[in-house]
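The values are calculated or read from the model by the stated rules, or taken from the named source; none is laboratory data. If you're wondering where the values come from, they're calculated on a predicted model, not measured in any experiment. Cβ placement follows ideal geometry from the backbone for every residue including glycine, while neighbour counts extend to all protein chains displayed.
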Amino acid sequence: MVREEKVLLVGDNPFHGISHLSQERSRVRGDAPTNPEFAAKLIGISVENGADGFMFSVSEKTLSILRVLREGGVVNGLRLYAIVPYAYGYVRLAGEVGGVPGLAKRVIKEISLSGNFSAMAMGLKGLLKADLEDLVKTYLAYEVSRVRSSAGKNANLESVMLHQLVTDMCLGLGLDWFFRLYVDFMAKSGLRPGFNTGNFCLLVRRLREWGVDLGEVVVAAPFNRVGFQMVPSREDCEKALADLPGPNVFAISVLAAGYLKPVEAVEYVAGLPNIRGVAVGVSKERHARETFRLFREKLV
Amino acid sequence: MRVAVVGMGKMGLLHSSILNAIPDVEVVALCDKSFLLRRFLGKVFKGVKVFKDVNELSKADVDAVYVTTPIPSHYGVAKALYSEGIASNVFVEKTLALNFEQARELRDLAQDYGGVNMVGYVRRFAVTFREAKRLLDEGVIGEPVSFSAYAYSSEFYGVDKAAKVRVPRVGVVRDLGCYAIDLALWFFGELEVLDAEVKAVVSDRSEDSARVEVEASGGLRGEFSFSWCVDKHRMPEAGFVVEGSEGALSVNDDKLELRLKDGSVSRWFRHDLKDTVDFWLGLPEFFREDKHFVDCVVRGCSAEPSFADGAEVDRIIDEIRCRAGRYG
């Protein structure tokens, strides 16, 4: 059996002030991790101790972090996994600008101001012909260009993943055409398509039904000892994982949002099949050092 | 079961997706006033009928309708569903209506027409609040003596009067505080408003924070605090601290804690309370909520929270605004 080193990624939840265990926990943690300079420093420490890259939602915050990493000469050594769209930001914006139509107008305006002429041309065509596929491609091209302009053209952007809210909403709605479109577009862009999901079993089942090659995509989904956010159950998720054709899954929420200590979490993940890597958030320098040193040592 | 969804904002999309993931349920019709949205909805949802006006839903032959439009239009849409004979199984997102007068009429219409009626007070389906309800009903903290409750978000934190931001004109009590009011009614029964204060922060005419004193049956005293201008509440959060004769219970969206007078302390996070569902979108309680409505329609039994429950929340909100001098 070939034993591969796992890809260890720094997750971005603490940098957005998120704790999926409780909001109280993120309030107690304070503002320090949300400072781009400090976040970039945490990523640097994580890399020194075994991390390979950064998994992040594309937001103004994480783009600022990428710019700091670029200025510090760190970014080109990182494997980048971007998640789009930053759903929380867009939901909040929709509330401020008058719902979904207001949001659409704002995004179109931002794309127009971005100076990405090919995206603008495709978007204009999409708008005039009410062609949804062109509009989706325009939006994805816009998000990729945001990452590249912040991280630099030489940055190693390996994958652009669909945000959990979008993946799961499209999954529930049964939008097979959207999944195929997304996979095709990313593959043509030279990027590995990916899906962040809270419904790992259902996603795997549907992708198979829709003829999407599971070997060509990566999936980020919760895997942890206590079954935190594992739907419909830990056992079902483990079985679906074991049935995959290869190691294309990134385990997220491995610490159950801080409920588990790294030493408790790593043994469980180390025993799972078909895990390509792990994304873990860190909020303190000591966390970064200890967590990635431990995960690098245990995850082979 | 064939379902139509009226109003395709974020809640319409969320419910449509969850409903479609429930076995034997199919979203067959959508309705939205926005031309732009209708144009794209028809392309996104292949095979689903898309309408501009709620009256057109009579062509879609549906078993149930979800109303997820902005609050001011709930009354008109729900009334049309009954009066036009489109469906008698109706789910309305919170709050049921814009005021008690409208809510009472919808409650009575639902009673006259039969069918299942439900209001989207989703926190009743969150594992922490469900477990809190069970512990309170079992008298684990003895007789409740007092409670304090809050509903906070950072939606408009840091937004000042110079910013061009659209604040929901229904105000913070109806938009956010309603969750805590519904939970208090569920936990403790009837409430009477003793005092209320509503403040403007974001604009001169907006209602952005509120403080309310209430009394429940048996002399239980309670306080509410609502605001959408609070820092570090990235997601809207509701919570309660209930003091009882034998201990205290504190609960919010994430955690439940029990402190008894014998010194014992118990704490549960969501996953300690088996917070798992068949399909996860947003939060697990959204799936439980929709599944409850669907099951009630299939079995022909009544759902909770019903229009009668929702109308009671609207009555309390009217009373708060009246006490605070905010009623037009």
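Okay, here's what the table says:
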{"read-out": "Test: B:V159 is farther than 23 Å from B:R315 by Cα, out of contact with any Pro (no Cβ under 8 Å at 6 or more places or on another chain), free of Cβ contacts under 8 Å to residues at least 60 places away in the same chain and assigned by TED's automatic domain parsing to the domain that holds B:F240", "value": "no"}
{"read-out": "In the stretch A:215-229, the residues that are in contact with a Gly (Cβ under 9 Å, 6 or more places away or on another chain) and buried (at least 19 other Cβ atoms within 10 Å of the Cβ)", "value": "A:V217, A:V218, A:V219, A:A220, A:A221, A:P222, A:Q229"}
{"read-out": "Any chance B:F286 is within 14 Å of chain A (Cβ to nearest Cβ), of a type in the set (F, W, Y) and in a helix (DSSP H, G or I)", "value": "yes"}
{"read-out": "Test: residue in the stretch A:220-237 that is more than 12 Å from chain B (Cβ to nearest Cβ) and assigned to a loop (DSSP other than H, G, I, E, B)", "value": "yes"}
{"read-out": "Tally, over the stretch A:138-183, of residues that are within 14 Å of chain B (Cβ to nearest Cβ) and part of a helix (DSSP H, G or I)", "value": "19"}
{"read-out": "Residues located in the stretch B:30-55, provided they are in a helix (DSSP H, G or I) and over 16 Å from A:L132 (Cα atoms)", "value": "B:V54, B:N55"}
{"read-out": "Restricting the stretch B:303-328 to residues that are in contact with a strand residue (DSSP E or B) (Cβ under 6 Å, 6 or more places away or on another chain) and not in a helix (DSSP H, G or I), the residue that is modelled with the lowest pLDDT", "value": "B:R326"}
{"read-out": "Residue that is within 14 Å of chain A (Cβ to nearest Cβ), under 29 Å from B:F279 (Cα atoms) and under 24 Å from the mean Cα position of the chain (by Cα), where the choices are B:N89, B:N20", "value": "B:N20"}
{"read-out": "Residue in the stretch B:41-82 that is nearest to the other protein chains (Cβ to nearest Cβ), counting only those that are within 17 Å of B:V25 (Cβ to Cβ), out of contact with any helix residue (DSSP H, G or I) (no Cβ under 8 Å at 6 or more places or on another chain) and surrounded by fewer than 19 Cβ atoms within 10 Å (Cβ to Cβ)", "value": "B:G47"}
{"read-out": "Residue in the stretch B:137-152 that is farthest from the chain's Cα centre (by Cα), counting only those that are buried (at least 21 other Cβ atoms within 10 Å of the Cβ) and not aromatic (F, W, Y)", "value": "B:I141"}
{"read-out": "The listed residue being more than 26 Å from B:V25 (Cα to Cα) and buried (at least 21 other Cβ atoms within 10 Å of the Cβ), out of B:V251, B:V241, B:V297", "value": "B:V251"}
{"read-out": "Residue, surrounded by the most Cβ atoms within 10 Å (Cβ to Cβ), within the stretch B:264-283, restricted to residues that are of a type in the set (A, V, I, L, M) and more than 7 Å from chain A (Cβ to nearest Cβ)", "value": "B:L283"}
{"read-out": "The one condition in (1) modelled with pLDDT of 95 or more; (2) touching a strand residue (DSSP E or B) at 6+ places or on another chain (Cβ under 7 Å) that B:I71 fails to fulfil", "value": "(2)"}
{"read-out": "Exclusive hit being away from every other protein chain (no Cβ under 14 Å) and either crowded, with 19+ Cβ neighbours inside 10 Å or not basic (K, R) (or both), set B:R134, B:R124", "value": "B:R124"}
{"read-out": "Set B:S58, B:S88, B:S73: member being assigned to a loop (DSSP other than H, G, I, E, B) and in contact (Cβ under 8 Å) with a residue 24 or more places away in the chain", "value": "B:S88"}
{"read-out": "Filtered residues of the stretch A:241-266 (kept if within 22 Å of A:F54 (Cα to Cα) and either part of a strand (DSSP E or B) or acidic (D, E) (or both))", "value": "A:V249, A:F250, A:A251, A:I252"}
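So that you can scan it fast, the table gives a plain yes or no per residue for (1) of a type in the set (V, I, T); (2) touching a residue at least 24 places away in the same chain (Cβ under 8 Å); (3) not in a helix (DSSP H, G or I):
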| site | (1), (2), (3) |
| --- | --- |
| B:L176 | no, yes, no |
| B:A180 | no, yes, no |
| B:A184 | no, yes, no |
| B:R205 | no, no, yes |
| B:S225 | no, yes, yes |
| B:H233 | no, yes, yes |
| B:F240 | no, yes, yes |
